[in-house]
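Reviewing the structure listed below.
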Amino acid sequence: MKADPSGVLTGMHFLDGDHAACEGALAAGCRFVAGYPITPSTEVVERFASRIPMVGGVFIQMEDEIASSIAVLGGAWGGKKVMTVTSGPGLSLMMEHIGLAAITETPVVIVDVQRGGPSTGLPTLPAQADMMQVKWGSHGDYEIIALSPASPQECFDLMIRAFNLAETWRVPVFFMMDEVIGHMTERVDIPPADRIDVVERRWTTKKPGEYRPYAAGPDGVPDMVKAGDGHRIHITGLTHDERGYPAMNPAAQDKLVRRLTDKIRKNREALADIREDGVEDADVVVVSFGITSRVAAAAVDSARAAGLKVGHMRLVVVWPFPEHRIAQMAPRVKAFVVPELNLGQIALEVERAAAGRARTVRIGHAGGTVHEPEQILAGIREAAG
Amino acid sequence: MGRTEIRIGGLGGQGVILSGMIVGKAASIFAGRHATLIQAFGPEARGSACSAQVTVADAPIGYPYVKNPDVLVVLSRDAYAQFAPSLKPDGMLLYEEEMVSLADHPLPPGVKAYGIPATRFAEELGRRLVLSMVMVGFVAGVTRLLTVDAFEKAVVDSVPRGTEDLNLRAFRKGYEFGTGCVPV
């Protein structure tokens, strides 16, 4: 279906990433946000709070991030498309409810405008060091999806996709911005509503009594109901059967947890979004995401000017990790170079997928600013050997 | 004119970020070019060091930071002290001449410096707040980076409703002073 025009600010704007992300959420149909404002993500909710009265929806400034993350799950079961917005310290507090969202298969978008950590770290300065936390932060086995925008325009465009993925797969979808992308201002083109495709919730067509809330279709995803529509259902964080009732035995656990992970893992290739540039005959491939991809592109240009055969892969979808693509390329490249604003997170995934068939050169950076292109260039030279 | 890097430095409350916003908006929305604005400011709302980095280019902008600006615009002594050494040789310095003394620090070789009493002009127009518009006009007049029309549209699009006329007058004051310094 097409976007609701009331949420779409069609036109050409000069916006920072935080504001563009908010407009993306409104265009996607998000009508409930609960959050606890935190630098450098504050402008997302500030704008949402000022825009939502005109659009029709609710923003609640909660007492903390624990409350924010449970309020949005409630909002989703109340029938709304929902989002919460935070940065590292808040994300740490949300972990319990991220697990609850995973096991209850609640569609939710969680925006993390990353700043330097651990703890309160660097409130106003960038990092990309929450990448493993969003993948593994809550206990138990589950899968999530994570997108990594590299410009305000992508904060708008990819946010719509984040909501669509959350509704399609019923998993928490993480929108992994960083302080630079959040506060960087560029032109953002917002198309008319009739040119924006949005995915409606998978409402059941079954009648009360026939509907089983956790009976999944062939794609591994069950349909949902809205509170107040006549269905009596039970939603729990305990391991449950297709009826949604607790079923705490190894068989039910195996069935549920395999489905929660398989619905994403088996669709890894379909979910992948990799922007490749000159990888076909490359000796060295730079793998990057988010703001770092813009710095990496500058380094790749310099390396090519110096005669090196360098390719660039930018991961727009970071989780699920596109290990199939790394595995395909590993036998024919000398090395992967992985610059990131952390001391080695996605580089570990590249290493794992390359499985010893190509070297992985890590270009870690503790955060606080972005790499110098020269640092990445030095890594490319080392990898080209 | 493929890529022009501009840094604007001053104090919180002087309109530094708004100035960067207007240059970026003029370029990317009203002149069909690309622009990226990066801002840096301290935790205080007013009075702390504050700077904007604007890159204007014909192609999409990758690396977004301005390290060695082609054009440096300074509204405070501290900003001049901090950023003057980073100015590109043969670059342009535009400064608030009653706030900044060039004698304080040497400039890189070949730099052309242009001063303007922007705060005084703003006061003469009735509101000291519009000093940033005087400065944006001065940038437009001295650099000729974009058309006056693109700048004026960006000014009107960026200032609070009801203040367009005052802000445009301030912009034009700075623009005329700028073109006077660098005749066409």
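Do we have B:Arg169 as open to solvent by 20 Å² or more (accessible area, probe 1.4 Å) and outside any helix (DSSP H, G or I) here? No: the conditions fail for B:Arg169.
Just checking, does segment B:116-126 include any residue being within 26 Å of A:Pro373 (Cα to Cα) and in contact with a helix residue (DSSP H, G or I) (Cβ under 9 Å, 6 or more places away or on another chain)?
So far as segment B:116-126 goes, no, none of its residues is within 26 Å of A:Pro373 (Cα to Cα) and in contact with a helix residue (DSSP H, G or I) (Cβ under 9 Å, 6 or more places away or on another chain).
Scanning segment B:148-166 for residues that are assigned to a loop (DSSP other than H, G, I, E, B) and either within 15 Å of the chain's Cα centre (by Cα) or among the aliphatic types (A, V, I, L, M) (or both) gives a single hit, B:Val159.
For segment A:185-239, the candidate set comprises residues that are of a type in the set (Lys, Arg) and not in a loop (DSSP other than H, G, I, E, B); within that set, the residue that is nearest to B:Val56 (Cα to Cα) is A:Arg187.
Scanning segment A:272-307 for residues that are touching a residue at least 24 places away in the same chain (Cβ under 8 Å), at positive phi and away from every other protein chain (no Cβ under 14 Å) yields a single hit, A:Gly278. Scanning segment A:246-289 for residues that are of a type in the set (Lys, Arg) and under 30 Å from A:Pro373 (Cα atoms) gives a single hit, A:Arg275. Scanning segment A:362-385 for residues that are more than 14 Å from every other protein chain (Cβ to nearest Cβ) and surrounded by fewer than 21 Cβ atoms within 10 Å (Cβ to Cβ), we see that the one that is farthest from A:His183 (Cα to Cα) is A:Gly385.
Of all the residues in segment A:127-156, those that are more than 12 Å from the chain's Cα centre (by Cα), surrounded by 22 or more Cβ atoms within 10 Å (Cβ to Cβ) and within 21 Å of A:Met83 (Cβ to Cβ) number 6. Picking from residues in segment B:57-66 that are more than 9 Å from chain A (Cβ to nearest Cβ) and of a type outside the set (Val, Ile, Thr), the one that is surrounded by the most Cβ atoms within 10 Å (Cβ to Cβ) is B:Ala57.
Among residues of segment B:134-165 being among the hydrophobic types (A, V, I, L, M, F, W, C) and open to solvent by 30 Å² or more (accessible area, probe 1.4 Å), the one that is nearest to B:Arg33 (Cα to Cα) is B:Val148.
A quick yes/no check of all residues on (1) open to solvent by 40 Å² or more (accessible area, probe 1.4 Å); (2) of a type outside the set (A, V, I, L, M); (3) in contact with a Ser or Thr (Cβ under 7 Å, 6 or more places away or on another chain):
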residue	(1), (2), (3)
A:Met248	yes, no, yes
A:Arg265	yes, yes, no
A:Thr292	no, yes, no
A:Val333	no, no, no
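Tell me whether segment A:308-315 contains one or more residues that are within 30 Å of A:Pro172 (Cβ to Cβ), at pLDDT 95 or above, open to solvent by less than 10 Å² (accessible area, probe 1.4 Å) and more than 14 Å from chain B (Cβ to nearest Cβ). Within segment A:308-315 (the criterion being within 30 Å of A:Pro172 (Cβ to Cβ), at pLDDT 95 or above, open to solvent by less than 10 Å² (accessible area, probe 1.4 Å) and more than 14 Å from chain B (Cβ to nearest Cβ)), the answer is yes, since at least one residue qualifies.
Among the residues of segment A:163-179, those identified as over 15 Å from A:Gly290 (Cα atoms) and not polar (S, T, N, Q) are A:Phe163, A:Leu165, A:Ala166, A:Glu167, A:Trp169, A:Arg170, A:Val171, A:Pro172, A:Val173. The set of residues in segment A:339-361 being within 29 Å of B:Gln39 (Cβ to Cβ) and either crowded, with 19+ Cβ neighbours inside 10 Å or in the same structural domain as A:Val134 (by TED's automatic domain parsing) (or both) consists of A:Pro339, A:Glu340, A:Leu341, A:Asn342, A:Gln345, A:Ile346. Within segment A:366-381, can one find any residue that is of a type in the set (A, V, I, L, M, F, W, C), touching a residue at least 12 places away in the same chain (Cβ under 8 Å), more than 17 Å from A:Ala297 (Cα to Cα) and outside any loop (DSSP other than H, G, I, E, B)? No: zero hits. Scanning segment A:186-238 for residues that are within 14 Å of another protein chain (Cβ to nearest Cβ) and either of a type in the set (A, V, I, L, M) or open to solvent by 70 Å² or more (accessible area, probe 1.4 Å) (or both) gives A:Arg187, A:Val188, A:Ile190.
Per the listing B:Ile22, B:Ile17, B:Ile38, the residue uniquely open to solvent by less than 20 Å² (accessible area, probe 1.4 Å), within 14 Å of chain A (Cβ to nearest Cβ) and closer than 27 Å to A:His371 by Cα is B:Ile38.
Kindly indicate the residue of segment A:84-111 that is polar (S, T, N, Q) and buried (at least 24 other Cβ atoms within 10 Å of the Cβ) and also farthest from A:Val221 (Cα to Cα) among those meeting that condition. Of everything passing the filter in segment A:84-111, A:Ser87 is farthest from A:Val221 (Cα to Cα).
Take the residues in segment A:16-63 that are among the charged types (D, E, K, R) and closer than 28 Å to B:Ile17 by Cα, then tell me which one is surrounded by the most Cβ atoms within 10 Å (Cβ to Cβ). Let's see the steps before the verdict.
Kept after step one, since they are among the charged types (D, E, K, R), are these residues of segment A:16-63: A:16, A:18, A:23, A:31, A:43, A:46-47, A:51, A:63.
Of the ones still in play, those that are also closer than 28 Å to B:Ile17 by Cα are A:16, A:18, A:23, A:43, A:46-47, A:51.
Numbers: A:Asp16: 24, A:Asp18: 27, A:Glu23: 25, A:Glu43: 22, A:Glu46: 17, A:Arg47: 21, A:Arg51: 18.
Within segment A:16-63, the match that is surrounded by the most Cβ atoms within 10 Å (Cβ to Cβ) is A:Asp18.
You will find that of B:Arg33, B:Arg7, B:Arg77, the residue that is open to solvent by 10 Å² or more (accessible area, probe 1.4 Å), more than 14 Å from chain A (Cβ to nearest Cβ) and within 26 Å of B:Val159 (Cβ to Cβ) is B:Arg7 and no other. Close contacts from segment A:228-241, counting a first residue that is under 18 Å from A:Lys206 (Cβ atoms) and a second that is buried (at least 16 other Cβ atoms within 10 Å of the Cβ) and among the acidic types (Asp, Glu), with Cβ to Cβ under 7 Å and a gap of 6+ residues or different chains, come to none at all.
When the test is whether a residue is buried (at least 24 other Cβ atoms within 10 Å of the Cβ) and either at negative phi or touching a strand residue (DSSP E or B) at 6+ places or on another chain (Cβ under 8 Å) (or both), A:Ser68 passes it. Looking at A:Ala162, A:Ala150, just one residue is more than 14 Å from chain B (Cβ to nearest Cβ) and modelled with pLDDT of 95 or more, and that residue is A:Ala162. Among residues that are surrounded by fewer than 22 Cβ atoms within 10 Å (Cβ to Cβ), at negative phi and without any contact (Cβ under 8 Å) to a residue 12 or more places away in the chain, A:Gly78 is not included.
The values are calculated or read from the model by the stated rules, or taken from the named source; none is laboratory data. From a predicted model like this one, the values you see are computed outputs, not experimental measurements. Because the Cβ atoms are built from the backbone with ideal geometry, glycine has one as well, and the counts that use them run over all protein chains shown. These accessible areas exclude ligands, DNA and RNA; they are computed on the full protein's heavy atoms, side chains included. Shrake-Rupley method; radii C 1.70, N 1.55, O 1.52, S 1.80 Å.
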